[in-house]
Amino acid sequence: MNTLNTLTKRLPGAGLLLSLLTVSLLSSCSRFNNDGSLATWGYVILALDLFVFFDIFRQNWGIGKKILWAAIVFFFPLGGLILYFLFAGRGKVSN
């Protein structure tokens, strides 16, 4: 019963996340300029993706969870960033 309550509390946030992802994926905002070079937006996403990759592999998780999150961020750069920061459950890093 506790898991059902937890899931129902996350439902409005998941709906909002889904709508934001849909709008961001269908918008005319591109990461590339007309000549094929990266736009400023593309550099921002690239820098955030690199930060997330370093953060993923610093976490005290199993290798399966690390690879899963890295694949999500790699295949879905903008959506993966949003999902990672919302649902990764990041803890303190042990040195």
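Assorted remarks:
- Checked against the criterion of being outside any helix (DSSP H, G or I) and at pLDDT below 85, the candidates S28, S19 yield just one match: S28.
- Pick from the range 56-95, criterion part of a loop (DSSP other than H, G, I, E, B) and touching an Asp or Glu at 6+ places or on another chain (Cβ under 9 Å), ranking: modelled with the highest pLDDT: A88
The values are calculated or read from the model by the stated rules, or taken from the named source; none is laboratory data. Everything quoted here is computed from the prediction, not taken from an experiment. Every residue, glycine as well, gets a Cβ built from its backbone with ideal geometry; the counts of neighbours run over all protein chains shown.
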